[in-house]
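Participant: Would you mind keeping the following structure in view while I ask a few things?
The values are calculated or read from the model by the stated rules, or taken from the named source; none is laboratory data. Here the structure is a predicted model, which is why all the values come from computation and not from measurement. Counting neighbours? That spans all protein chains shown, and the Cβs are built from the backbone with ideal geometry, glycine included.
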Amino acid sequence: MPLLAERMSRAKPSAIMVVAEKAKQLKAAGKDIISFSIGVPNFLPGEHVYAAAREALAHDSGQYGSNRGSEALLDAFLKHLQDGGFNGYERKNLVVGIGAKQVLYNLAEALLNPGDEIVFPTPYWTSYADIADIVGAKTTLLPCPPEQDYKLKPEQLAKALASKPKVFLFNNPSNPTGMVYSKAEIAALAEVLAAHPDTWIICDDIYNRLVFDGVGYHNFLHVRPELRERTIVVDSISKTYGMPGWRVGLIAAPEKVAQALVTLNSNHITNLPEVVTAAAVAALSGPQDLPARKAIEFAAKRDRVLAALSAIPGVNCPRPQGAFYVFPDISVAFGKKHGSTVIGNDVDLCNALLEAKGVACVPGSAFGEPRALRISYTCPDAQLDEGMRRIKEFFAELS
Ligand code: PLP
């Protein structure tokens, strides 16, 4: 049989999808499963989004559309950027894609030659490492352990940028940790970035409307607008508008980068469907109270999870202030046993937890931090409390 391309030896299925699939199968087999695995917002967009989609369907042209994105969508994104404190962009700086995931993949193709260096902090969103591997980039990880609240320090960044990596990739608010950088922290990192002009900066800010406790959302461009000439801001309607399945990702970038992605789109996807475009325009330009309300709800859910975790001896968890994840350090369990099962690492723990208690979490090693696990907490409160009760029970049964 002919061989697959060499790059496929480096391509792995998303570890998050693997856990989610296993939980789904156990549920289908009749097991009582609570899934904290996949990062879905668990709410639907407002009726105005569906009305716009129906309207678009009624007037569907059935034709190919713009490789960059429709003018209406680009204008809605421009307005959204302005509302988020990003100024100075024009349509020529923008381009859309099939979700932030595809946009990030296109960015990797557009910016990284095989062997080029990309740096990003750990814990990181799983697909960063996988995408970098597929395009043959050399990944340098910047460890940000729980002891430093999973946050990157300016001196770490300065050291990493000294080798002039091609790309620095930064995610704020963070998946998997839920941590959010303060304005002062962003300003300190931006100062380092300003001193290293040879590196592209990708800001994956797709959780930017889901920030709690009044910390606010800050981007390097808010404090150092001059970084715009080498910064790419990635956004998406998936998490903030409850529309992950609609698959709309957006970027604001220097014109040259945006144009490169338009070229890739012209070969990869051609365009977003008209109905999807209309729904995205409605989400971005309609009433903005939904993400704000959800942020309040998620903050309360975060508190429920943290309260439950704090009652488990030895489990530590930096306090997240955004997105909908917590990422506790569960390494206290390593070397112990649950029944006859030895818990050697995070994967053993997640497997044992799923088998014994029917609770699905994602092992931290999927995000480059094997001392932790990720809990995605968007499910209804009753389910959330029951899942946390089972986790607590599991830890109490360790010997
Ligand atoms: N970036 C981060 C940090 C994410 O958590 C996710 C999805 O989980 C994505 C990008 C991809 O989002 P999209 O649904 O827009 O492809």
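Participant: Looking only at the range 357-383, how many residues end up being buried (at least 16 other Cβ atoms within 10 Å of the Cβ), part of a helix (DSSP H, G or I) and touching a strand residue (DSSP E or B) at 6+ places or on another chain (Cβ under 8 Å)?
Facilitator: Final tally of qualifying residues: 3.
Participant: Would you confirm, using the coordinates I've provided, whether R68 is more than 16 Å from the ligand (Cβ to nearest atom) and either in a strand (DSSP E or B) or buried (at least 20 other Cβ atoms within 10 Å of the Cβ) (or both)?
Facilitator: Numbers: more than 16 Å from the ligand (Cβ to nearest atom): yes; either in a strand (DSSP E or B) or buried (at least 20 other Cβ atoms within 10 Å of the Cβ) (or both): yes.
Yes; evaluated as a whole, the condition is true for this residue.
Participant: Considering only residues of the range 174-193 that are within 13 Å of the ligand (Cβ to nearest atom) and hydroxyl-bearing (S, T, Y), which is farthest from the chain's Cα centre (by Cα)?
Facilitator: Per the stated criteria, the residue is T177.
Participant: Which of the residues belonging to the range 1-44 are closer than 30 Å to R390 by Cα, of a type in the set (G, A, S) and outside any loop (DSSP other than H, G, I, E, B)?
Facilitator: A15, A20, A23, A28, S35
Participant: From the list A308, A295, pick out the single residue that is over 19 Å from P173 (Cα atoms), outside any loop (DSSP other than H, G, I, E, B) and in contact (Cβ under 8 Å) with a residue 12 or more places away in the chain.
Facilitator: The conditions single out A308.
Participant: Has the range 225-235 got at least one residue that is within 30 Å of S376 (Cβ to Cβ), assigned to a loop (DSSP other than H, G, I, E, B), under 18 Å from the mean Cα position of the chain (by Cα) and within 16 Å of the ligand (Cβ to nearest atom)?
Facilitator: The answer is no, given that none of the residues of the range 225-235 is within 30 Å of S376 (Cβ to Cβ), assigned to a loop (DSSP other than H, G, I, E, B), under 18 Å from the mean Cα position of the chain (by Cα) and within 16 Å of the ligand (Cβ to nearest atom).
Participant: Follow-up. Hey, among G314, G322, which residue is within 30 Å of S399 (Cβ to Cβ), among the small types (G, A, S) and either modelled with pLDDT of 95 or more or in contact with a Leu (Cβ under 8 Å, 6 or more places away or on another chain) (or both)?
Facilitator: Among G314, G322, only G314 is within 30 Å of S399 (Cβ to Cβ), among the small types (G, A, S) and either modelled with pLDDT of 95 or more or in contact with a Leu (Cβ under 8 Å, 6 or more places away or on another chain) (or both).
Participant: Give just the number: which of (1) within 16 Å of the ligand (Cβ to nearest atom); (2) more than 21 Å from the chain's Cα centre (by Cα) does D289 not satisfy?
Facilitator: (1)
Participant: Further question: For the range 176-201, enumerate the residues that are buried (at least 20 other Cβ atoms within 10 Å of the Cβ) and within 13 Å of K151 (Cα to Cα).
Facilitator: The answer is P176, T177, G178, M179, V180, Y181, I186, L189.
Participant: Here is a check on your reading of the model: is Y217 within 16 Å of the ligand (Cβ to nearest atom), of a type in the set (S, T, Y), crowded, with 24+ Cβ neighbours inside 10 Å and modelled with pLDDT of 95 or more?
Facilitator: Answer is no for this residue.
Participant: Return the residue satisfying two criteria in turn: it lies in the range 145-163 and is farther than 13 Å from I201 by Cβ and touching a Ser or Thr at 6+ places or on another chain (Cβ under 9 Å), and of such residues it is nearest to the ligand (Cβ to nearest atom).
Facilitator: Y150
Yes/no per residue for (1) in contact with a Cys (Cβ under 6 Å, 6 or more places away or on another chain); (2) within 25 Å of A295 (Cβ to Cβ); (3) free of Cβ contacts under 8 Å to residues at least 60 places away in the same chain; (4) not assigned by TED's automatic domain parsing to the domain that holds H338:
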residue	(1), (2), (3), (4)
N351	no, no, yes, no
L354	no, no, no, no
K357	no, no, yes, no
P370	no, no, yes, no
L373	yes, yes, yes, no
Y377	no, yes, no, no
D385	no, yes, no, no
I391	no, yes, no, no
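Participant: Let me ask something additional. Every residue in the range 82-125 that is within 16 Å of the ligand (Cβ to nearest atom) and either in contact with an Asp or Glu (Cβ under 8 Å, 6 or more places away or on another chain) or polar (S, T, N, Q) (or both), please.
Facilitator: Within the range 82-125, A100, Q102, L104, N106, T122, P123, W125 meet the criteria.
Participant: Let me ask something else. Please count how many residues of the range 194-224 are within 22 Å of the chain's Cα centre (by Cα) and in a loop (DSSP other than H, G, I, E, B).
Facilitator: 15
Participant: Turning to a different aspect of this structure: Which one is farthest from the ligand (Cβ to nearest atom) among residues in the range 45-65 that are closer than 16 Å to S285 by Cα and assigned to a loop (DSSP other than H, G, I, E, B)?
Facilitator: Of everything passing the filter in the range 45-65, G46 is farthest from the ligand (Cβ to nearest atom).
Participant: Out of (1) touching a Gly at 6+ places or on another chain (Cβ under 6 Å); (2) assigned to a helix (DSSP H, G or I), what's the single condition that is false for E155?
Facilitator: (1)
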